[in-house]
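Let me begin by presenting the structure, written as structure tokens, before commenting on it.
The values are calculated or read from the model by the stated rules, or taken from the named source; none is laboratory data. Since the model is a prediction, treat every value here as computed from it, not as a measurement. Here the Cβ positions follow ideal geometry from the backbone for every residue, glycine too, while neighbour counts run over all protein chains shown.
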Amino acid sequence: MTAIPLLYLIVRTTGAGWQAIVDSLFRQRTLETTLTSLGLIGLVIIGCLVLAVPSAWLLARTNIPGRALFLVAAALPLAVPSYVMAYAWIAEFPWMSGLLAAALVMSLATYPYVAIPLTAALRSIDAGHEEAARSLGLGPLAVARRVTVPLAWPAAAAGLLLAALYTLSEFGTVAIFRVDAFTRVIYTAYRASFDRTTAAVLALLLVVLALVLVLIEARARGKAQRWRVGSGVTRPAPRHRLGRWGVAFGLTWLIGVAVLALGVPAWSLTQRLLESQRTTFDVTELLGALAGSVSSSLLGAALALVLALPIAILAARYTSRLVRGIEGAAFLGHALPGVVVGLSLVFLTLAVVPAAYQTLAVLAFAYAVLFLPKAIGASRSSIAAVPPALESTARSLGRGPVRAWFTVTGRLAWPGIAAGTLLVVLTAMKELPATLMLRPTGFNTLATELWSRTEIQAFGSAAPYALAMILLASVPAWLMGRWLARTPEDEAASGAVDDDTVRTDDITYVGGIR
Amino acid sequence: MSNASALEVIDLVVGYGGPEIVRGVCLDVAEHEFIAILGASGSGKTTLLRAIAGYLRPESGVVQINGRVVSDSRTWVPPEKRHIGIVPQEGALFPHLDVAGNIAFGLGRDKKATVTRVREMLEMVNLEGLEQARPHELSGGQQQRVALARALAPQPSLLLLDEPFSSLDAALRAEVRRDMRSLLAEIGTATVLVTHDQEEALSLADRVAVMSQGRIEQVGEPWAIYESPATLGIARFVGDLVELPVNAVDGSVAQTPVGPVAVGGEPPTSAGGVLTLRPEQLVLVADRQLSNDVSGASGRVEAISYHGHDSLTSVRLTDGTPVSVRSTGGSGLRVGDDVRILVTGAGRLYPDE
């Protein structure tokens, strides 16, 4: 499935002849583009770690006040399209431009991919492991380095991979800050100069880079034993009690991050919104775009889930080479920029099923291809967190394979799976280039309306769409934050023990957003 | 055999698509019988259990439960249709369900009957009133008992125990083991226990099957396994062993460094080999008490490990052979004492390896 756009790329490229390929591959420009993209990824990875690691530790392991609120704040940037964020920053600080500006905004937009799974992972590590390490003579820092980091690393690594791939295929932000990374160069080549061979060659190079990233992540994850050995049920680590200064520093940090990631865009948007009062504004247009966003992204997410679950189940339980290959191929979809997926699907539908050209089905398919990795990543790790013995025991107690899966593994893994599906919905709402190319005529989403207004510098009239989009996308982010905030000890404290609504152990498996 | 066996395994071969892990195992478990499969790790015992449970599909061979073929070259009954109860290692309780939910997991939809059955099961395992408890609130022993109650609730015709005591501490292990044994004797469910702990196997089971390298090497009652091991390997595996080189065999008496010892079992065919004795077959007498009596080999005490109810004394004979002797209570000896060693009962003779 994911291979279709890739196959088109290869056909398209080889069709141009080897001379043309070699010519475009060995131009000075190609090297510059590669270095620019790699540099941007490196900066974003550093930025994500700097933003996410202290936040995750504070939220997962300390008694800092307002944890639930800050968890929501940590998830919220997912609801802000990075190009909206870029636009908000440049509207406030017009001097911003270039690599560093793009890296800052991309880090702020993508650090939730690391912070949220890392928080969940830190929460779900059995206290026993760290206590054992302390008893073996390790100090707190040594425990962090030799136990906590290795155990939490898979969550962080998968998040970083997502952030890196996201950066690699991001178009809006690099265009706004005029950074000549792959996507911008490819887009320019496609649109302006009709030089599609160069674009295709660069896109293939982009795919190769993504492949390298996937391999690095796979190696980092290694053959780590993914289910716990040891008796009984996981006991979460106790929260570290912060002193007065600890609370002060912690709150300063969390508020600071929230201001950068949410405050600045919110302020800037409010300013533009006030400007927009002076322009005319059509509510029915807004509602139409809203309906478009919701329907297309839900459809895409549903399709992605259907495609992702079998792969995730296989990948969580078996690590055979074939499964790894399938999984890796699915991950590639994430590295194909929306531009490429969009255009190749236009080509394909016109060539194979012209009737499907610019229909909602093809758009949903594009979303599924683009965001399959998110759905797989989340489902896989939450399924892997469920010990296989539980499922086989359910079988011996008379449940068939499907029922056993749904009542035990699926039941325990569903928060992670649902979180993954929500991520797909969120990201699909923000998708721009493929939506622009594949949407049915007259079909608008919040993203396309926002873009067409931004393109003509109508920042004021674009603001309501940006706001609507952020609000809409906040709902799932808010729900996700609430899951994470719900921990066993908090429940015990509130005394709420109700079998149907309270799920004591789910938090353990929310680790699953990885 | 008049009745159908609870479990019958014939020529079972299991592999994971690669080398065979279980290589031609035959096993017969009668109704109400408790059988232990004893083997070191890697012997294939857990794989055998998983094949019986239906988690693995064998390459060949037959598995019958209560006279019904559940697995052969044509038949394959999935685990949920085998009516087998399993207590996995570590219990594997469902963390999202409370104790009642765990026990009720394999029961039908009849709510009233389920509640009654759950209460019965909890009573049976002495955990009354813990219906609402969550697995993580229970101790290791309680978790194991809930796991047992969960496995027995649907009244399976066969119970499989996969090293269920290995995660418990020693005191608890003995207690849980004893409770489980008397409970199973009472309800009479045929049981297969997989373990690497010889003491556990010998003390719990009606019969013990010793497994090694994918094969069952000997099946028998615990005393037979302990006293008449089929091979030197089994003899070493199922308990402490004194191994003595044999110089000559005269009829059914072997000449050893501790003197002539009767050879039990089949009359010996070889003229040499290794004679084995259990440490409790040897008696130590302090040299000074013997005065002029010349019987028994002399040696010197090298180490004593005292266990309260008995003690194990390491003695080196004058010719250099090491021998360990088990005595009830303390032996009254000290390291460095000169002793004589007397042998009671017969030894087993194995050819040199």
>> Could you tell me how many of the residues in region B:207-232 are under 19 Å from B:VAL25 (Cα atoms) and under 15 Å from the mean Cα position of the chain (by Cα)?
In response: 14
>> Scan region B:80-88 and tell me whether some residue there is away from chain A (no Cβ under 13 Å), touching a Leu at 6+ places or on another chain (Cβ under 9 Å) and either under 19 Å from B:LEU193 (Cβ atoms) or part of a helix (DSSP H, G or I) (or both).
In response: no
>> Looking for something part of a loop (DSSP other than H, G, I, E, B), modelled with pLDDT under 75 and either at positive phi or not charged (D, E, K, R) (or both) - is there at least one such residue anywhere in region A:327-349?
In response: yes
>> If B:SER314 satisfies all but one of (1) at pLDDT 85 or above; (2) polar (S, T, N, Q); (3) surrounded by 19 or more Cβ atoms within 10 Å (Cβ to Cβ), what's the number of the condition it fails?
In response: (3)
>> Just the residues that are closer than 24 Å to B:LEU160 by Cβ and of a type in the set (Gly, Ala, Ser), please, taken from region B:91-139.
In response: B:GLY91, B:ALA92, B:ALA100, B:GLY101, B:ALA104, B:GLY106, B:GLY108, B:SER139
>> I need a count of the residues in region A:397-450 that are more than 17 Å from A:GLY377 (Cα to Cα) and either touching a residue at least 24 places away in the same chain (Cβ under 8 Å) or within 14 Å of another protein chain (Cβ to nearest Cβ) (or both).
In response: 34
>> Quick check on A:ALA375: is it more than 8 Å from chain B (Cβ to nearest Cβ) and either within 30 Å of A:SER169 (Cβ to Cβ) or buried (at least 24 other Cβ atoms within 10 Å of the Cβ) (or both)?
In response: yes
> Quick one: how many residues across region A:254-307 are in contact with a Ser or Thr (Cβ under 7 Å, 6 or more places away or on another chain) and at pLDDT 85 or above?
Replying inline: 8
> For region B:178-191, what are the residues that are in contact (Cβ under 8 Å) with a residue 60 or more places away in the chain, surrounded by 15 or more Cβ atoms within 10 Å (Cβ to Cβ) and in a helix (DSSP H, G or I)?
Replying inline: B:ARG181, B:LEU184
> Mind checking which residues of region B:123-177 are closer than 30 Å to B:ARG68 by Cβ, touching an Asp or Glu at 6+ places or on another chain (Cβ under 9 Å), at the interface with chain A (Cβ under 9 Å from one of its Cβ atoms) and in a loop (DSSP other than H, G, I, E, B)?
Replying inline: B:ALA153
> Among (1) more than 9 Å from chain A (Cβ to nearest Cβ); (2) surrounded by 23 or more Cβ atoms within 10 Å (Cβ to Cβ), where does B:ALA100 come up short?
Replying inline: (2)
> If you scan region B:192-217, which residues turn out to be assigned to a strand (DSSP E or B) and surrounded by fewer than 21 Cβ atoms within 10 Å (Cβ to Cβ)?
Replying inline: B:ARG207, B:SER212, B:ARG215, B:GLU217
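Taking the condition at pLDDT below 85, over 22 Å from B:THR47 (Cα atoms) and either surrounded by 20 or more Cβ atoms within 10 Å (Cβ to Cβ) or not polar (S, T, N, Q) (or both), does B:GLU175 pass? Write out each step before concluding.
Working: at pLDDT below 85: yes; over 22 Å from B:THR47 (Cα atoms): yes; either surrounded by 20 or more Cβ atoms within 10 Å (Cβ to Cβ) or not polar (S, T, N, Q) (or both): yes.
Against the criterion (at pLDDT below 85, over 22 Å from B:THR47 (Cα atoms) and either surrounded by 20 or more Cβ atoms within 10 Å (Cβ to Cβ) or not polar (S, T, N, Q) (or both)), B:GLU175 qualifies.
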